[in-house]
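These notes concern the structure reproduced below.
No lab work stands behind these numbers, since they all come straight from the coordinates. Only a predicted model underlies this, so the values are computations on that prediction, with no experimental measurement involved. Here the Cβ positions follow ideal geometry from the backbone for every residue, glycine too, while neighbour counts run over all protein chains shown.
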C-alpha cells in the first residue's frame with residue numbers, strides 16, 4: 001500500500017475539477033522553456049504524464065483548473081499568463097543559427113529561444129501604438145555551394161544595399177534595427193553563459209531576430225557578432241543551421257562587411273606590427289584578433305607570423321589591449337517603450353492587457369535598451 005495516489009486516482013481527481021477553458025498551450029511551451037524545464041520534470045511536479053504536457057502545449061487537450069494552478073506555481077507564472085491573449089510568435093530551433101550549437105545544451109538553447117519569442121511578442125504589442133522601422137533587408141541569392149569570392153561579393157552588395165558606403169560601419173546593431181531587425185541582449189542572470197549570439201530570419205511574426213550575448217562586454221566583439229548574424233539573415237534563410245560550413249560563411253561575410261578588402265588590404269602590415277594593428281582597430285572598430293585573421297586570409301601575414309600573432313593574443317587574453325569601449329547595444333525597443341510612457345500609455349497597462357507579467361515585459365524592454373548614464377545637476 002502506498003500513500004502516493006495512482007495515475008487513475010489522479011486522473012479521476014482532475015476530471016472532478018473544471019477544465020481551464022481559456023487556455024493557450026503555446027504560452028505553456030514558452031513558460032516551460034523559459035524555466036529551462038523538461039516536459040518530464042514539469043509532468044512529475046504537476047502530477048500528470050509527460051504525454052499530457054505535450055498535448056497541453058500542442059493544443060490537443062487542456063488542463064484542469066487544479067493542474068493549471070500547479071503549472072503556474074511550478075513555472076513561476078500567474079494563471080493569467082496561460083490565457084488566450086497576445087500571440088507569442090514561435091521561433092523554431094530548426095531556423096535559429098546558434099554560434100555555439102554543439103557546446104550548448106539543447107534546453108539552454110530553447111530557453112534563449114523562448115526569451116526571443118517573448119521579445120517578439122512585446123515588440124508586436126508596442127508596435128500597435130508606435131510606428132517602428134519596417135523590415136527592409138536586401139535579398140541576396142547565393143549559388144548552392146558558394147565560394148569565398150561569392151561570400152565576399154554578398155558582403156559588398158550588403159554594404160551597398162544598406163547604404164554603408166566604403167567607410168567603417170558606424171554602429172552595426174543600430175543598422176540592423178534601422179532595417180527592421182529586432183535586436184535584444186540576453187539577460188546576464190538566469191541564462192547559460194555558453195549561449196552565444198544567434199539569429200533567425202523566419203519567426204512567425206515576420207520580424208528577423210538577433211539575440212546578442214551578455215558576456216561579450218566589448219565593442220569590437222559585439223560588432224563582429226552583429227555582422228556575423230547579419231550574414232546569416234541575408235544568406236541562410238531556409239538553410240539548416242549548425243554546420244561548420246554555414247558558420248564559416250557567416251564569419252567570412254562579417255570580415256568583408258566590417259573590413260572591406262578594397263579598403264583595408266594595402267593598410268594591413270606584412271609583419272607583426274602591433275602599432276599598425278591598433279590604429280586599424282580604432283579606425284574600423286574591430287578586434288586585433290579579427291585584424292590578424294583578416295591579414296592572414298588576404299595573404300598579408302605568413303602562416304608563421306599568423307601563429308606567432310595568435311600566440312601573443314592568447315597570452316594577452318580577454319579583454320585584449322586597446323579596448324574600444326562598451327559593446328554596441330540595441331535601442332529601438334527601449335526607445336519605443338519610453339515614448340509610450342511619455343505619451344501616457346504605461347507598460348504596466350499593456351502588460352496587463354497582453355496577460356504578460358510586468359516583470360517579464362520590463363526584462364524584455366531592458367534587453368532592447370541602451371543603458372546610458374544619466375546626468376543629474378543639483379539645484
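Show me the ranking of peptides 251-258, 280-287, 83-90 by mean Cβ neighbours inside 10 Å, starting with the highest.
Numbers: 251-258: 23.9, 280-287: 20.8, 83-90: 17.9.
For the peptides 251-258, 280-287, 83-90, the packing ranking is 251-258, 280-287, 83-90.
For helix 303-316, report the angle its Cα long axis makes with the longest principal axis of the Cα atoms of the chain; keep it between 0 and 90° and round to the nearest 10°.
50 degrees
Once the Cβ-Cβ distance between residue 149 and residue 107 is put in as r, and R0 is 41 Å, what FRET efficiency do you end up with, to the nearest 0.05?
On the way: r = 40 Å, r/R0 = 0.97.
FRET efficiency, residue 149 to residue 107: 0.55.
Which residues does a label at residue 19 reach in region 56-98, if reach means a backbone N under 15 Å from a point 7 Å past the Cα toward the Cβ?
Counting only backbone N, you get 56-68.
With a point put 7 Å past each Cα toward its Cβ, work out how far residue 342 is from residue 87 in nm, to one decimal.
3.2 nm
For region 206-270, take the convex hull of the Cα atoms, compute a quarter of its surface area, and give me that in nm², please. Mind dumping the intermediate values first?
Values: hull surface 24.6 nm².
Across all orientations, region 206-270 yields a mean hull projection of 6.1 nm².
Which value, in Å³ per residue, describes the convex hull spanned by the Cα atoms of region 16-84?
Numbers: hull volume 5.0 nm³, N = 69.
It comes to 72 Å³ per residue, whole-number rounded.
When only alpha-carbon atoms count, how far does region 95-258 stretch along each of its three principal axes, as whole angstroms with the largest first?
The principal-axis extents, from largest down, are 40, 39, 30 Å.
Kindly rank 188-199, 137-148 from highest to lowest mean number of other beta carbons found within 10 Å of each residue. Numbers along the way, then the final one.
Details: 188-199: 18.3, 137-148: 11.6.
The densest-packed peptide leads the list: 188-199, 137-148.
Please determine, in degrees from 0 to 90 and to the nearest 10, the orientation of helix 106-127 with respect to the longest principal axis defined by the Cα atoms of the chain, where the helix direction is its Cα long axis.
90 degrees
May I ask what percent, to the nearest 5, of DSSP beta bridges between residues of region 95-258 are antiparallel? Walk me through the numbers before you get to the answer.
Numbers: 5 of 9 bridges.
Beta bridges within region 95-258, antiparallel portion: roughly 55 percent.
Mind computing the radius of gyration and Dmax over the alpha-carbon atoms of the chain? Å is fine for both.
That works out to 23.9, 83 Å for Rg and Dmax.
Count the DSSP beta bridges whose two residues both fall in the chain, then state the antiparallel fraction as a percent rounded to the nearest 5. Walk me through the numbers on the way to the answer.
On the way: 6 of 10 bridges.
Once the DSSP bridges in the chain are tallied, antiparallel ones form about 60 percent.
Once every DSSP H run of n ≥ 4 in the chain is given -39500 (n - 2.57) and the sum is divided by its residues, what mean residue ellipticity at 222 nm do you get, rounded to the nearest 500 deg cm²/dmol?
Numbers: 17 runs with 190 residues, N = 379.
Theoretical 222 nm ellipticity from helices: -15000 deg cm²/dmol.
Compute the orientation-averaged projected area for region 240-307 from the convex hull of its Cα atoms and round it to one decimal in nm².
Across all orientations, region 240-307 yields a mean hull projection of 4.9 nm².
Along each principal axis of its Cα atoms, how long is region 225-349 end to end? Whole angstroms, biggest number first, please.
Projected onto its principal axes, the Cα set of region 225-349 covers 62, 36, 29 Å.
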